[in-house]
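Coordinate-derived values only; no laboratory data. These figures come from a predicted structure and were not determined experimentally. Positions of Cβ are backbone-derived with ideal geometry, glycine not excepted, and every protein chain shown enters the neighbour counts.
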Amino acid sequence: MQLSQAERDGAAGFMDHINGFRKKVEDIRNARNVDNIHFRLSDDDNIGRNIFFGNHVSCCNSIESTYAGYSAPMHLLNNYNRGIELVDNYENSYGNSLCHFTNIDGKLTFVIDSFEANGKLGSDPIVTKHLLDFSKQVCKAMGREDAQIMIGPNYNNMSKEGLKLTKGHTIKVLGESPERTYCDSIGGKVSPEDFDKTHENRNMYEIE
């Protein structure tokens, strides 16, 4: 039986996550206490660190990924997203997400596209709370305290406590990408033309 391109892409992405879990076995043993870590925005000028953004948490957009590795440099070139990192005082990365402003159902929304973390930290409700609090600080710093906050539907290694999955949203990402990239909230692998479109019937996590 011959697989379709979508099925081959899905299998490749699945294997990337399986290989990532191998790394996380050791991370689970060594994960730090949540008291020693904090959230920050990624530094756009630190290209050497940012191009390996996905590698820090064995994400499917890590530079060597067979599924979405092509998107690693694109996240440095597009103008629509920014990274949020969970780091310790030595700048070791324990989790991250690519975030962006989007119109969802006609309302400005700060989207945490997906959040992936190493070890047991991702399942700690305190990490989810701090992630949401930091996202609110980002909105305030940008003069958009009115923005609602939502989380993408897939690949979230985090506690869902205080969140609910809602369906049927209409999404229009604010910004563009010069080449194909990866944006989970509007379908994963996307082309530049997808940023001109309004995407319907999308699932998202909202704060209860």
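So which of Lys164/Lys189; Lys120/Lys172; Lys140/Lys164 end up more than 30 Å apart, counting from Cα to Cα? Too far apart for the 30 Å limit: Lys120/Lys172. Highest mean packing comes first when the peptides 160-167, 71-78 are listed by Cβ atoms within 10 Å, giving 71-78, 160-167. Residues Tyr94, Tyr182, arranged from fewest to most other Cβ atoms within 10 angstrom of their Cβ, appear as Tyr94, Tyr182.
Using Cβ contacts closer than 10 Å as the measure, can you line up Val87, Val111 from fewest to most?
Numbers: Val87 18, Val111 29.
Starting with the residue having the fewest Cβ neighbours, the order is Val87, Val111.
A simple rule links phi to the HN-Hα coupling: the Karplus curve 6.51 cos²θ - 1.76 cosθ + 1.60 with θ = phi - 60°, which for the stretch 73-90 gives x, 5, 5, 8, 9, 7, 10, 10, 10, 8, x, 10, 10, 9, 10, 9, 5, 9 Hz, with x for Gly and Pro.
Positive end of the dipole of the chain (Cβ unit charges, origin at the Cα centre): among Ser123, Leu77, Ser135, the Cα lying farthest that way belongs to Ser123. Count Lys and Arg as plus one, Asp and Glu as minus one, and take only other residues whose Cβ is under 12 Å from that of Val138; the net charge is then +3. Listed by chain and number, the aspartates and glutamates whose alpha-carbon sits under 17 Å from that of Lys167, ignoring those within fewer than 8 places in the same chain, are Asp105, Asp113, Asp184, Glu200, Glu206, Glu208. The distance from the alpha carbon centre of the stretch 69-136 to that of the stretch 180-208 is 15 Å, rounded to a whole number.
For the chain, averaging the sequence separation of C-alpha pairs within contact (under 8 Å, six or more residues apart) and dividing by the residue count gives a relative contact order of 19 percent.
Computing mean projected area of the Cα convex hull in nm² for the structure here picks out one of (i) 13.1; (ii) 12.0; (iii) 15.5, namely (ii).
Relative to the Cα centre, what is the charge dipole magnitude of the chain, using +1 at the beta carbon of each Lys and Arg, -1 at the beta carbon of each Asp and Glu, and rounding to the nearest 20 debye? Please report the intermediate quantities before stating the final value.
On the way: 23 positive and 30 negative charges, 76 e Å.
Computed charge dipole of the chain: roughly 360 debye.
Asp194 sits among other residues whose Cβ lies under 15 Å from its own Cβ, and their net charge, with Lys and Arg +1 and Asp and Glu -1, is -2.
Place the peptides 49-58, 101-110, 196-205 in order of packing, highest mean first, counting for every residue the other Cβ atoms within 10 Å and averaging per peptide.
On the way: 49-58: 19.8, 101-110: 17.1, 196-205: 14.4.
So the order, starting with the most tightly packed, is 49-58, 101-110, 196-205.
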